[in-house]
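Read the structure below first, then the notes.
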2 protein chains.
Amino acid sequence: MPRRPRVVVVGSGFGGLRATQSLARADINVLLIDRNNYHTFIPLLYQVAVAELQPEQIAYPVRSLLRRLAFANFLMAEVTHIDFANQVVITDGLTIPYDFLILSTGSESQFLGIPGADKYALPMKTLQEAVYIRNHILSCFEQAVRELDPAQRRLLLTFVIVGGGPTGVELAGALVELIQGRLVKDFPTLEMEQVQVILLQSSDRLLADLPLRLSDYTYKQLQRIGVKVYLQARVSKVTPNAVYLENGAVIFSKTIVWTAGVQASPPAPTAELFPAAKGQVAVLPTLQLPNHSQVYVVGDSAYVEQDGEPLPLVAPVALQQGTLAAQNILRQIKGKEPKPFRYVDKGRAAIIKRNAGVAQTGNFTFTGFPAWLLWLAVHLYYLPGGRNRLIVFLDWLRDYFFGDRAIRLIFPRSSRLVREDDMSNSPKDWHNQEH
Amino acid sequence: MPRRPRVVVVGSGFGGLRATQSLARADINVLLIDRNNYHTFIPLLYQVAVAELQPEQIAYPVRSLLRRLAFANFLMAEVTHIDFANQVVITDGLTIPYDFLILSTGSESQFLGIPGADKYALPMKTLQEAVYIRNHILSCFEQAVRELDPAQRRLLLTFVIVGGGPTGVELAGALVELIQGRLVKDFPTLEMEQVQVILLQSSDRLLADLPLRLSDYTYKQLQRIGVKVYLQARVSKVTPNAVYLENGAVIFSKTIVWTAGVQASPPAPTAELFPAAKGQVAVLPTLQLPNHSQVYVVGDSAYVEQDGEPLPLVAPVALQQGTLAAQNILRQIKGKEPKPFRYVDKGRAAIIKRNAGVAQTGNFTFTGFPAWLLWLAVHLYYLPGGRNRLIVFLDWLRDYFFGDRAIRLIFPRSSRLVREDDMSNSPKDWHNQEH
């Protein structure tokens, strides 16, 4: 009797987790490897950044998610190299042989080569980065109340978000709601007219991937709640205290959040991986590597075209690719041919503020309350773990009816604003831990 | 008309927070200063360390606690010096004059001069330290599953708690419950017989401040659930991988939690403060400094004797002293004499495990379920903020009926076990941030 095949999955994001669960349910031995012991629900990171949700509410221990699956195992380790010829994954501890491999290593912020952006702008792609932004924003307010110089105070109270995609739009709206709903009460001595939230978009409209009608609606809604939206605003330089635009304008700010671009973070790049756009790996339509039919790449790290267009780096693509990679491995085990990937686009949605969102599904677009409700429902549905779903739902309900945010802790104290001499937790150290 | 008097309170622990609230309710202008923007409910730190509660559940933003008090203000700052002669508090930002001052700066771990203890043992006096211990314990298990050498695995799975007071006892019991209730399921491939929880007590009984009957009960209960309790076990040295006892015994372990002693952490010690035992400040029976009648010291930083015995460093003493300091300042403002402090001891309680605790009030001692229930009620009652109280209660209920712990994230990744090269978040850095 032949040995049971063993599948190794690298990365516990949407694609990797879905593939692991599908394979284990089909009684295939599968080992999931990640450097963190939890799965991060990245679409809600911005709610952690504005102290709306606790980090624990959008992160779920991988071992809990796999607990009822007898054929699934988890290893917390850092993958340092993959030896495709000998079919082994080399980690900082063990070396693990595989029969099939699924790479699902996600993406990280891309700073587009703009000077200072990688050093001074704040990315928001991991839980640690989102918590860092939360602590930083709250520290800016704490610092502002003790600041006697009005110019310094304005610097601390100006918040710039670079990137007018869904993440930038959602963060801008949520930040205004944090400030107007809660920080106004926490800081009664502060003149709130000095607080500015600025959203910079390089192209001529927000949410460029959605229909024009939704872009216009989003622009108007954000303006109405006080966000200053600058279109065709291309960043040319970032410094610790300012962001410079190509048109010569300078915005002075201590807080420049970067949501303007992502690039794939492939595991241990080797000459055997064919690089494509944005650091992604070129794969066959079946998601297999061209030269290694037992290796699959899914999610943000895979470059796949459909109808002549590259697929977007979004969670639904990763989930569907995770499912297909698992199915294709099952087919290979049974001696069948793998099938090509075909993305079924169910639509997109973004939230702007309380009671207002935009959504598109097929040829339908809608705005306002229905889109907002749809967004909530979709995100709750995809949140892993019934407990998280319930708690997040209750938190949203409480926030909706009482406007109360529970968690405004500056913890762990990591902002460079808090203590100039303490650089041990500077943003860059945090990033290094994740990437 | 005379200027309204201004009171400055340093430290937002039990004593400082209580004093601030009392003064503000009496329409006195009061400014509370702390280096963190939250109040920590220290008696429940151990539940954070065993992933039973989230950090946010036992920490509460100070600005929320003071929101309805128009006369109370908060400043997040580090106090660097106090100029008693000129009546100003000097912080890392502003310099603040005061008419009355309350010092409530709490305590920190004391390592009793034992070699290596300050460097390799893990204290548990702050939220960051508790989260660090949680991450460390979970990392030990993650590391153990990938460890092939049985001796190394045993090292990772041996957990030593130094100190048999309430904190040590509670942590030992809760750690066993975490392991037996939850980690057994998370790590199905691990041989749980290899896991050891060891409690070291220097004297001949646990909970030495409570009646002997309760000590005996606690000892038996801990033994029954599998904790190895060593009495008269004095630590002589701590290394990264072992704790050495005076009797020559050596226990190999990667995890040595230190609950064996505390000392006051007075703010900016000067020659004008009279030092007493454990770094505390000698004060008059009225809690005033002998040479500065407008300065009060409360809580763990104050050395106060009652009936010839020094008062213990516990929350009820701090709360009662905070109340009295506020009353005495009101008396001084009205031209009356301050009153001496008298501690009303309502009793003590400690929890051992599910359905088992010990409690003493007056001449009554009780054990088991009633003591356990009393402990829960007392801690819920003193937890600040209705929301926290409800959420903690629901979490305890869920844990009681389902044995489920929600939060087993290793986050932020800070354990020296996770990545040897990443020392930016080593335990010592974390401590430096707090102290």
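Determine, yes or no, whether B:Gln306 is in contact (Cβ under 8 Å) with a residue 24 or more places away in the chain and touching a helix residue (DSSP H, G or I) at 6+ places or on another chain (Cβ under 9 Å). No: the conditions fail for B:Gln306. Residues in region B:28-68 that are more than 24 Å from B:Phe411 (Cα to Cα) and either touching a Leu at 6+ places or on another chain (Cβ under 6 Å) or modelled with pLDDT of 95 or more (or both): B:Ile28, B:Asn29, B:Val30, B:Leu31, B:Leu32, B:Ile33, B:Asp34. Of the residues making up region A:323-367, those that are basic (Lys, Arg) and within 27 Å of the chain's Cα centre (by Cα) are A:Arg342, A:Lys346, A:Arg348, A:Lys353, A:Arg354. In region B:99-121, the count of residues that are in a strand (DSSP E or B), away from chain A (no Cβ under 14 Å), within 20 Å of the chain's Cα centre (by Cα) and over 21 Å from B:Leu45 (Cβ atoms) is one or more. Candidates in region A:174-203 are the residues that are among the charged types (D, E, K, R) and touching a residue at least 60 places away in the same chain (Cβ under 8 Å); of these, the one that is most open to solvent (accessible area, probe 1.4 Å) is A:Glu177. Within region A:1-58, being over 18 Å from A:Gly106 (Cα atoms) and hydroxyl-bearing (Ser, Thr, Tyr) holds for one residue alone: A:Ser22.
For region B:276-303, give me each residue that is over 22 Å from B:Leu207 (Cα atoms) and of a type in the set (A, V, I, L, M, F, W, C). Hits for region B:276-303 are B:Ala276, B:Val281, B:Ala282, B:Val283, B:Leu284, B:Leu287, B:Leu289, B:Val295, B:Val297, B:Val298, B:Ala302.
Evaluated against (1) under 19 Å from the mean Cα position of the chain (by Cα); (2) at pLDDT below 95, A:Gln320 falls short on exactly one condition, (2). Report whether or not A:Ala26 is open to solvent by less than 20 Å² (accessible area, probe 1.4 Å) and of a type outside the set (Val, Ile, Thr). The answer is no for A:Ala26. Has region A:250-263 got at least one residue that is in the same structural domain as A:Gly164 (by TED's automatic domain parsing), loosely packed, with under 15 Cβ neighbours inside 10 Å and either small (Gly, Ala, Ser) or without any contact (Cβ under 8 Å) to a residue 12 or more places away in the chain (or both)? Yes, there is a match, as at least one residue in region A:250-263 is in the same structural domain as A:Gly164 (by TED's automatic domain parsing), loosely packed, with under 15 Cβ neighbours inside 10 Å and either small (Gly, Ala, Ser) or without any contact (Cβ under 8 Å) to a residue 12 or more places away in the chain (or both). Which residues, counting only those in region B:84-93, are facing chain A (nearest Cβ under 9 Å) and among the polar types (S, T, N, Q)? Of everything in region B:84-93, just one residue is facing chain A (nearest Cβ under 9 Å) and among the polar types (S, T, N, Q), namely B:Thr91.
Within region A:209-240, the set of residues being open to solvent by 70 Å² or more (accessible area, probe 1.4 Å), touching a residue at least 60 places away in the same chain (Cβ under 8 Å) and within 24 Å of the chain's Cα centre (by Cα) comprises A:Asp209, A:Lys237. Taking the condition under 30 Å from B:Ile410 (Cβ atoms) and part of a loop (DSSP other than H, G, I, E, B), does B:Lys125 pass? So B:Lys125 fits the description; yes. The set of residues in region B:276-300 being open to solvent by less than 20 Å² (accessible area, probe 1.4 Å) and either free of Cβ contacts under 8 Å to residues at least 12 places away in the same chain or on the phi > 0 side of the Ramachandran plot (or both) consists of B:Leu287, B:Gly299. Do we have any residue at all in region B:288-300 that's assigned to a loop (DSSP other than H, G, I, E, B), outside the structural domain of B:Leu122 (by TED's automatic domain parsing) and either farther than 27 Å from B:Gln47 by Cβ or modelled with pLDDT under 95 (or both)? Within region B:288-300, one or more residues are assigned to a loop (DSSP other than H, G, I, E, B), outside the structural domain of B:Leu122 (by TED's automatic domain parsing) and either farther than 27 Å from B:Gln47 by Cβ or modelled with pLDDT under 95 (or both).
Only residues that are touching a helix residue (DSSP H, G or I) at 6+ places or on another chain (Cβ under 6 Å) and charged (D, E, K, R): list them for region A:1-52, please. Correct list: A:Arg18 only.
The values are calculated or read from the model by the stated rules, or taken from the named source; none is laboratory data. A quick note: this is a predicted structure, and the numbers were derived from the prediction, not measured. As a convention, Cβ positions derive from the backbone with ideal geometry for all residues, glycine included, and neighbour counts pool all protein chains shown. Accessible surface areas use protein heavy atoms only, side chains included; no ligands, DNA or RNA. Shrake-Rupley method; radii C 1.70, N 1.55, O 1.52, S 1.80 Å.
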